[in-house]
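Single-structure report; data block below.
Read-outs: derived from the displayed coordinates by stated rules, not from any lab. Please read all numbers here as calculations on a predicted model, not as lab measurements. Positions of Cβ are generated from backbone atoms using ideal geometry, with glycine treated the same way; all protein chains shown enter the neighbour counts.
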Amino acid sequence: MKIILFSRPSNGKPTKMFGALVRSIEKRGFDYRMDSATADWLECGEGVQVGPEHRYDSLCSALSEEAVVISYGGDGTLLSVVRAIGGRNISVLGINSGRLGFLATVASDKFDTALDALQSGAYTIEKRTLLRIEGDVQEDVVFPLAFNEFSIQRGGRGMIGIKVEIDSRTVANYWSDGAIVATPTGSTAYSLSAGGPIVAPECNCMILTPIAPHNLTMRPIVIPDNSTLRLTIDAREPQALVGIDNENFTISTGASFTITRAQEEVFLVRLQNISFYDTLKDKMMWGVDSRESKQ
């Protein structure tokens, strides 16, 4: 098995654990490569020499369908990997060295367990959906697919209006700070912070969540992912903010976007002892009764 390592080196991020990960990969005889910036960061921090045969200059050039990409960082790092993969059939394993790590589910001190699973085949591949964003998308947005969510937010002090159509039928006019269209994967991200529901990743749906709506009867709604959503912006301010996962840009009022389920998918490596519900409990303390710790 070939392993492609990707991280986002930082002066404030310790290299010791990442160095231990690389040594563990070498010990198991995996063919591996890492980006040159991370290799330099590792050499500087740990004194580990990374030869040219273990380096690549861009993630896109290193990708191949027989490889597993190990994303070492937080969920933002994994989103960068998904963008680089661009919907190809390449599996991703997230090792969390950040804070929450809801997508990167393997704790940084548990990488040996993950590598053993890769070596023995004791893992599954979980397919996750993507949203395709069409319409007034800026030309420099090279990956108009959202793994977590597509969002529209006000660009000034005033509220914005968002006309919502589902399958060519007008269903709402939100006067609010914005709106979020999330995948089941993204239901635990921005949408959850705005009051949206938690949705299991295998559900075939999209979640439409208004952000701070002026009309309190406007609540989040879950719709089938074979629907076509159309959002049109009406704002007093000349511009609004649009986000596709962690990529943001400005757009003029009057802009319109069509959101559908993409044909492309994301393939996440899941260890057999980690479920979505385990992650909810461990990462978000879901269902934990604080009174239990006092007994």
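Seen against the Cα atoms of the chain and their longest principal axis, helix 16-27 is set at about 60 degrees. Exceedance of the 25 Å cut-off in Cα-Cα distance is limited, within the set Lys163/Lys281; Lys2/Lys27; Lys2/Lys281; Lys127/Lys281; Lys27/Lys127; Lys110/Lys281, to Lys163/Lys281; Lys2/Lys281; Lys27/Lys127. The phi-based Karplus calculation (6.51 cos²θ - 1.76 cosθ + 1.60; θ = phi - 60°) puts the 3J(HN,Hα) values of the range 252-265 at 7, 4, x, 5, 9, 9, 10, 10, 9, 6, 6, 6, 5, 9 Hz, whole numbers, x for Gly and Pro.
Taking the C-alpha atoms only, the angle from helix 75-85 to the longest principal axis of the chain is near 90 degrees.
Give me the number: length gained by fully extending Arg157 to Glu26, i.e. 0.36 nm times residue separation minus the C-alpha to C-alpha distance, one decimal in nm. Write out the running numbers ahead of the final one.
Numbers: separation 131, 0.36 × 131 = 47.16 nm, distance 5.38 nm.
That works out to 41.8 nm of additional length.
Let me have the 222 nm mean residue ellipticity of the chain computed from DSSP H runs of 4+ only, each contributing -39500 (n - 2.57), with the sum over all residues rounded to the nearest 500. After summing the helix terms and dividing by the residues of the chain, the value is -6000 deg cm²/dmol.
For the chain, relative contact order (Cα pairs under 8 Å, six or more residues apart, normalised by length) works out to 18 percent.
Report the antiparallel proportion of the DSSP beta bridges in the chain as a percent, rounded to a multiple of 5. The antiparallel fraction comes to roughly 70 percent. Distance between the C-alpha centres of the range 192-219 and the range 46-117: 30 Å, rounded to the whole angstrom.
How high is the relative contact order of the range 131-263? Use alpha-carbon pairs under 8 Å, at least six apart in sequence, and give a whole percent.
31 percent
Taking the Cα centre of the chain as the origin, how large is its charge dipole in debye, to the nearest 20, when only Lys and Arg (+1) and Asp and Glu (-1) carry charge on their Cβ atoms?
Numbers: 29 positive and 35 negative charges, 140 e Å.
Its charge dipole is roughly 680 debye.
Fully extending the segment from Lys110 to Glu43 would add 21.9 nm, taking 0.36 nm per residue of separation and subtracting the current Cα-Cα distance. The packing ranking, built from the mean of other Cβ atoms within 10 Å per residue, places the peptides 101-108, 127-134 in the order 101-108, 127-134, highest first.
Would you mind getting the Kirkwood hydrodynamic radius of the range 131-263 from its Cα pairs, rounded to one decimal in Å? Write down the numbers at each step before the final one.
Working: mean 1/r = 0.0694 Å⁻¹.
Taking the inverse mean of 1/r over all distinct Cα pairs, the range 131-263 comes out at 14.4 Å.
Extents of the chain, largest first, come to 58, 55, 35 Å (Cα atoms, principal axes, whole angstrom).
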